[in-house]
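First up is the structure itself, then whatever we jot down about it.
The values are calculated or read from the model by the stated rules, or taken from the named source; none is laboratory data. Note that this is a predicted model, so its numbers are computed, not measured. All Cβ positions, even for glycine, are placed from backbone atoms using ideal geometry, and neighbour counts span all protein chains on display.
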Amino acid sequence: MSLKTTIDAQIKAAMLARESVRLMALRDIKKFILLEETKEGKSGELTSDEEMKLLTKAAKQRKDSADIYRQQNRSDLLEKELAELAVIEEFLPKQLSEDDLKAKLQEIMGRVGASAPSDMGKVMGVASKELAGLADGKVISAMVKALLS
């Protein structure tokens, strides 16, 4: 079942249950899907990779907004963003734990032959593709930097 079909079903369920925050988050995801499908040069259907990128982008936007609201002591808006983020994360694959991420990165570093900080580009190129959606890019970058130094 495609993400779009799943989202449509979830929207109907949220409407019936009168869950306004969940409904807003789901509608936002659907908006992203429709915008991506109707982009110039697109065939109309999204691949699973494109869907994951789209969801990751939506989640990142919520996290960034939540950080800003936290800094500005806007707890009302912070709660809304965190609730929407929780809904979006339901559709994302489970994030890797720190230990799992470290093990995967060490395996990637062994494969590409990285041993010095100057090899960070090689490792990041492979890691960002293989671990897309499983870990945040900033976390991957920080861990690679720590492992190589």
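Within segment 10-21, can you find the residues that are of a type in the set (A, V, I, L, M, F, W, C) and either surrounded by 12 or more Cβ atoms within 10 Å (Cβ to Cβ) or at pLDDT below 90 (or both)? Correct list: 11, 13, 14, 15, 21.
Is it the case that residue 106 is farther than 30 Å from residue 10 by Cα and in the same structural domain as residue 50 (by TED's automatic domain parsing)?
Numbers: farther than 30 Å from residue 10 by Cα: yes; in the same structural domain as residue 50 (by TED's automatic domain parsing): no.
So residue 106 does not fit the description; no.
Of the residues making up segment 22-65, those that are over 15 Å from the mean Cα position of the chain (by Cα), over 21 Å from residue 94 (Cβ atoms) and modelled with pLDDT of 90 or more are 23, 24, 27, 30, 31.
If the condition is being farther than 14 Å from residue 29 by Cβ and not in a helix (DSSP H, G or I), then segment 1-17 contributes only 1. Scanning segment 125-137 for residues that are farther than 13 Å from residue 102 by Cα, hydrophobic (A, V, I, L, M, F, W, C) and modelled with pLDDT of 80 or more yields one hit, 126.
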